[in-house]
């Protein structure tokens, strides 16, 4: 299997490194090409204009789920015209009392070519299969909820 990597860089800007004096803003680079500013979530003092690890986790899950769904739909002969998702990561305390992403909700909306339709049940079954086969969902275990619109 392949190793998939990023590069992360943080540099202190404040003259002193102590609680409350430094920024968590850093750069994550993908494929030696794309740089993304990342920070703490706004609730933890981060810049709301930057992404944060919790959003990145929701993004990874949403992307993986969509790509798995598209592969399964293509194999089934479903002519998908568009796919949209609104993914939301929820922060809270896990059963051990630690802060964590306790749940990620996906809200996929799938549109098909004109004249093609599936039942709500068939769509739900395909979304469930996509969830079961998604690498990221398998990594996260049971903290994912799929809300079909």
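The values are calculated or read from the model by the stated rules, or taken from the named source; none is laboratory data. None of these values were measured; they are calculated from a predicted model. Reconstructed Cβ throughout: ideal geometry from the backbone, glycine too, with neighbour counts over all protein chains shown.
Looking at (1) modelled with pLDDT of 95 or more; (2) exposed (fewer than 13 other Cβ atoms within 10 Å of the Cβ); (3) out of contact with any strand residue (DSSP E or B) (no Cβ under 8 Å at 6 or more places or on another chain), which is the only condition residue 33 fails?
That leaves (1) as the condition not met.
Among the listed residues 81, 73, 87, 58, which satisfies the condition of being in contact (Cβ under 8 Å) with a residue 12 or more places away in the chain, on the phi < 0 side of the Ramachandran plot and either in contact with a helix residue (DSSP H, G or I) (Cβ under 6 Å, 6 or more places away or on another chain) or in the same structural domain as residue 10 (by TED's automatic domain parsing) (or both)? Step through it out loud before you land on a result.
Numbers: 81 fails: either in contact with a helix residue (DSSP H, G or I) (Cβ under 6 Å, 6 or more places away or on another chain) or in the same structural domain as residue 10 (by TED's automatic domain parsing) (or both); 73 fails: either in contact with a helix residue (DSSP H, G or I) (Cβ under 6 Å, 6 or more places away or on another chain) or in the same structural domain as residue 10 (by TED's automatic domain parsing) (or both); 58 fails: either in contact with a helix residue (DSSP H, G or I) (Cβ under 6 Å, 6 or more places away or on another chain) or in the same structural domain as residue 10 (by TED's automatic domain parsing) (or both).
Within the list 81, 73, 87, 58, the selection yields 87.
Yes/no matrix, rows are residues, columns are (1) modelled with pLDDT under 95; (2) surrounded by 18 or more Cβ atoms within 10 Å (Cβ to Cβ):
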position	(1), (2)
45	yes, no
66	no, yes
97	yes, no
131	yes, yes
